[in-house]
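Please read the structure below before turning to the comments.
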Amino acid sequence: MKCAKVCLFIFTSQCLAQSTPSEFAEMSLQELFDQSIYDVENDQTRPSPWTLTYQFKSVEFEGYLDGTKSLSFDDVLWSPPGEGRTAKNFPVVPTTIRQKAHVVALGYEFNSRWHGHISLPYIHQETDHISIVSSYETFVLETSGVGDTSVSATYNWAASDEGIWRLSMGISLPTGSIDEGGDTPRAPGDQQLPYTMQLGSGTYDFPVEFNYTSTGAHDFNVGVSANIRTGTNDRDYRLGNNYSLKGRYKIALSPTVQTSAGLSFQYSRPIHGKDESLLVNAPIPYPAGITNPDLYGGKKVSLRFGLLWQLAKNYHLNLEVGKPIYQNLNGPQPKEEWRTAFSISRSM
Amino acid sequence: MQRMLFCIGHRWPSKTICAGFLVFFSYLLCGAVNAEQPLSKEQKLKAAYLWNFTQYIAWPDSKVGKLPASIRICVDGSNNFFQFLQDMVISKRDFKGKNTVEVLSLDEARGCEILYVRQSKKIASISLDHTVVVADSPSVAMPNAAMVFYQKNGKLRFEVDVTIISDLEVVVSSELLKLARIKQ
């Protein structure tokens, strides 16, 4: 009998869920504007609110900049006894830094206004070095593992048919390791690796983004974003805040293929605090530039090109390549060469 | 219904039969209610927009929200759509201070302020002076359509041809234009 009552409730609920003429008549213009055309309860063609995305990101740093001035490896490598030690040369010099991330993200559309996202990256980093230390003239350090988990919510506000404003706020949880070690010339065996080789920030960070996407005759978007970091981690530092301004213009080549070109400006602050375990007992305690927290951050302007392809009804593929055209770094600091991103997403 | 109440109020030899009857009855009832509303949500939204258009457009002999001018919506649509829109208008009868609205089928209309068309056709039977023609979709070839419904990202949108609107000597409120795609 209980079962019958439950069934009765379900069937009756389904009946009541249907919208009546008077319910539609009560809707304001804005409410009509926000309505999906799909019947939530019955229409099987309605896209699922779940989206699963896999993204592969890669970035490579090579060469050095001090401000906008280009430096050779010889300029940055300290070569005693002919050369004096300064704050701008080091006994160990990273030459190429390669960072790759496999990101799995899950999105959920609560309604037409609110979306939620959670993403987890798996990071692999590799750095080539040269040094003046015997047996470590050239060496490679690698780290890999899970990075910081990001949870965010996005609010869409369609002011008119011409565009959509989006505000996105989230929290980055410190699930990535900041205790990665490796064999460096600093001492025998494994030691704590520099900031660039760690997998996480170690702090609770708050990414926020505000952007406008035009849906009118011209398909473009502009946005500002920031990653605000708080407190200090267990190793007494926090990474610098990042701020960026981005713009992108899309051109449709066909109903399923779009290309895009964009420009981004990024400003990053240096690291606040320091990890004492990276220092050596010397008048200038930094064995490499990447162990000095002041030699992080700066300004970059990058050019980006992309391709968005709707492979099938529920599948989207996205490719993007970026190249800095201007860098003004707190240096000497490894300069960014290029970055790429590939992603495929599907509605579940 | 009496049979169902009887079922609940008395000891029944087999509770299973009673439960089955309850479920079957509710299912049938649900089906019956649904059978009266086969319109898709998109069609219902179009009907709701049509009603809203009457409140945000001023025709030459009226002002938006000022005079209770009678606005005729002529419908070239299915019976279900016609009925849905008419029920909607009836439910808004107590809506004071706004235009009063009546829904007419194309066969019975002599003139109308809004004409909703679902198929490309010549409308010769009625006067179209100051008539705002609303096309069901961009595939409806009506050269004098002042407004056209279209879909974007799973939502219903509409385009307003301001040149035609101007020729019709009607005034569309800025509130409505704010949500529209403007065709010059």
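The values are calculated or read from the model by the stated rules, or taken from the named source; none is laboratory data. What you see is a predicted model; the values in this text were computed from it and never measured. Here Cβ is always computed from backbone atoms with ideal geometry, including for glycine, and neighbour counts include all displayed protein chains. Side chains included, ligands, DNA and RNA excluded: accessible areas come from the protein's heavy atoms. Shrake-Rupley method; radii C 1.70, N 1.55, O 1.52, S 1.80 Å.
Exactly one residue among A:L303, A:L307, A:L317 is open to solvent by 40 Å² or more (accessible area, probe 1.4 Å) and under 30 Å from A:W50 (Cα atoms), and that residue is A:L307. In this structure, B:L176 does satisfy being assigned to a helix (DSSP H, G or I), within 14 Å of another protein chain (Cβ to nearest Cβ), in contact with a helix residue (DSSP H, G or I) (Cβ under 6 Å, 6 or more places away or on another chain) and touching a residue at least 12 places away in the same chain (Cβ under 8 Å).
For region A:142-154, the criterion of a residue being at pLDDT 95 or above, open to solvent by less than 10 Å² (accessible area, probe 1.4 Å) and acidic (D, E) is satisfied by no position.
Quick one: is A:D275 open to solvent by less than 70 Å² (accessible area, probe 1.4 Å) and within 30 Å of A:Q191 (Cα to Cα)? When the stated conditions are applied, A:D275 passes them. There is no residue in region B:105-125 that is modelled with pLDDT under 85 and either within 14 Å of chain A (Cβ to nearest Cβ) or closer than 15 Å to B:V170 by Cα (or both). Do we have A:I228 as farther than 27 Å from A:H316 by Cα and out of contact with any Lys or Arg (no Cβ under 7 Å at 6 or more places or on another chain) here? So A:I228 fits the description; yes. Scanning region A:208-231 for residues that are at pLDDT below 95 and open to solvent by 60 Å² or more (accessible area, probe 1.4 Å) yields A:A217, A:H218, A:F220. Take A:L239 and decide whether it is over 30 Å from A:L308 (Cβ atoms), of a type in the set (A, V, I, L, M), open to solvent by less than 80 Å² (accessible area, probe 1.4 Å) and out of contact with any Pro (no Cβ under 8 Å at 6 or more places or on another chain). Yes. A:Y38 passes every criterion in (1) at pLDDT 85 or above; (2) within 10 Å of another protein chain (Cβ to nearest Cβ); (3) in contact with a Pro (Cβ under 9 Å, 6 or more places away or on another chain) apart from (1). Of the residues making up region A:117-141, those that are of a type outside the set (A, V, I, L, M, F, W, C) and either closer than 14 Å to A:P94 by Cβ or modelled with pLDDT under 95 (or both) number 11. Taken over region A:109-136, the residue count meeting the criterion of being part of a loop (DSSP other than H, G, I, E, B) and more than 18 Å from A:D74 (Cα to Cα) is 5.
Is it true that B:N153 is on the phi > 0 side of the Ramachandran plot, without any contact (Cβ under 8 Å) to a residue 40 or more places away in the chain and open to solvent by 60 Å² or more (accessible area, probe 1.4 Å)? For B:N153, the condition - on the phi > 0 side of the Ramachandran plot, without any contact (Cβ under 8 Å) to a residue 40 or more places away in the chain and open to solvent by 60 Å² or more (accessible area, probe 1.4 Å) - is met.
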